[in-house]
1. Output the residue which, of all residues in the range 26-49 that are farther than 17 Å from ALA97 by Cβ, free of Cβ contacts under 8 Å to residues at least 60 places away in the same chain and assigned to a helix (DSSP H, G or I), is most open to solvent (accessible area, probe 1.4 Å).
2. Which of (1) touching a residue at least 60 places away in the same chain (Cβ under 8 Å); (2) open to solvent by 20 Å² or more (accessible area, probe 1.4 Å) is the odd one out, the single condition ASN187 does not satisfy?
3. Select from the range 16-45 the residues that are out of contact with any strand residue (DSSP E or B) (no Cβ under 8 Å at 6 or more places or on another chain) and more than 16 Å from the ligand (Cβ to nearest atom) and list them in ascending order.
4. For the range 194-218, name all the residues that are among the aliphatic types (A, V, I, L, M) and open to solvent by less than 20 Å² (accessible area, probe 1.4 Å).
5. Looking at the range 219-246 only, could you name the residues that are on the phi > 0 side of the Ramachandran plot and surrounded by 14 or more Cβ atoms within 10 Å (Cβ to Cβ)?
6. Go through the range 53-78 residue by residue and tally those that are near the ligand (Cβ under 10 Å from one of its atoms), in a helix (DSSP H, G or I) and surrounded by fewer than 21 Cβ atoms within 10 Å (Cβ to Cβ).
7. Could you list, in sequence order, the residues of the range 90-101 that are more than 11 Å from the ligand (Cβ to nearest atom) and either modelled with pLDDT under 95 or not hydrophobic (A, V, I, L, M, F, W, C) (or both)?
Amino acid sequence: MDDHFMTETLLKLSGKVALITGGSSGIGLATAHLMHAQGASVVIVGRDATKLDEALLTIGPRASGVVADVSSVADIDRVMAAVSERHGHIDVLFANAGTSHNPPLREVDEAAFDSMIGLNFKGVFFTVARALPLLANGASVILTGSAAADMGRWGDPLYAATKAAVRSLARTFANDEELTLRRVRFNVLSPGAIKTPLTQGAYEQPDVDAYVCAAVPMKRWGNAEEIASAALFLACADSSYMTGSILAIDGGMAQV
Ligand SMILES: NC(=O)c1ccc[n+]([C@@H]2O[C@H](COP(=O)([O-])OP(=O)(O)OC[C@H]3O[C@@H](n4cnc5c(N)ncnc54)[C@H](OP(=O)(O)O)[C@@H]3O)[C@@H](O)[C@H]2O)c1
């Protein structure tokens, strides 16, 4: 018991290697900052090289980047090869890259469907699948879900379904016998309405802002740092008895 709580005084990710997809913006970037501050070496992934470089300048000396589109399996393989070469293994995998930008229901065509599924579902699946050989014993895998998966919110069936699929993936991965024996844990972070570049177009509209604040019991948007704190909790030994779980950070939006 004493040993367990003694670790509280140390950095929570000292010497660990964290791979964060979508680490150049919003939730992923805030998490990269926090995990780096807690002692991890972080590798962040995004498509835009300039944005990635700008993000790296703000994180610190143990941060590096890979430009890649995680809806492409070939790109994911390049990411894993880079991580393998730089660090040899992964202790924390944050499969976070995703988008909620899709056309309204009646305008969704096949290309828009494939694009959303390709990033939010296929991208997460293959990010985890191709990382498996690199995952250290005791690794923590965190998938970014969304409160939208639990809400049946009007207008967002495709996005919500991709995030429900992510929830399902975590349950099944967490029950994989070989991974369980290696003490690899899988959990889902489920953010509610969070102010990031992804949602800027929404929270700057007074009517959307008012709608969200009315829908959230805590009457406000969350911020990326509040999600990063939860990601750190799932990444480190503080959550050592959690796997297959979902952790909602949504101001109560999908809870009450
Ligand atoms: N913000 C919210 O309210 C909210 C709520 C629930 C869930 N989420 C989820 O949280 C995650 C992060 O969202 P965020 O709000 O932090 O968004 P964000 O600020 O737009 O950041 C998204 C990140 O993902 C990267 N990315 C996007 N498409 C990519 C691709 N195909 N391949 C590789 N990287 C890609 C972006 O970089 P590039 O553009 O350079 O590729 C960026 O680094 C998403 O999965 C989102 O669905 C967000």
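The values are calculated or read from the model by the stated rules, or taken from the named source; none is laboratory data. Small disclaimer: the values here were computed from a predicted structure and weren't measured. Here Cβ is always computed from backbone atoms with ideal geometry, including for glycine, and neighbour counts include all displayed protein chains. Heads up: the accessible areas ignore ligands, DNA and RNA and are worked out on the full protein's heavy atoms, side chains in. Shrake-Rupley method; radii C 1.70, N 1.55, O 1.52, S 1.80 Å.
1. Among residues in the range 26-49 that are farther than 17 Å from ALA97 by Cβ, free of Cβ contacts under 8 Å to residues at least 60 places away in the same chain and assigned to a helix (DSSP H, G or I), the one most open to solvent (accessible area, probe 1.4 Å) is ALA37.
2. (2)
3. ALA37, GLN38, GLY39
4. Passing the criteria: ILE194, VAL212, VAL216.
5. If the condition is that a residue be on the phi > 0 side of the Ramachandran plot and surrounded by 14 or more Cβ atoms within 10 Å (Cβ to Cβ), then GLY244 is the only one that fits.
6. 1
7. ASP91
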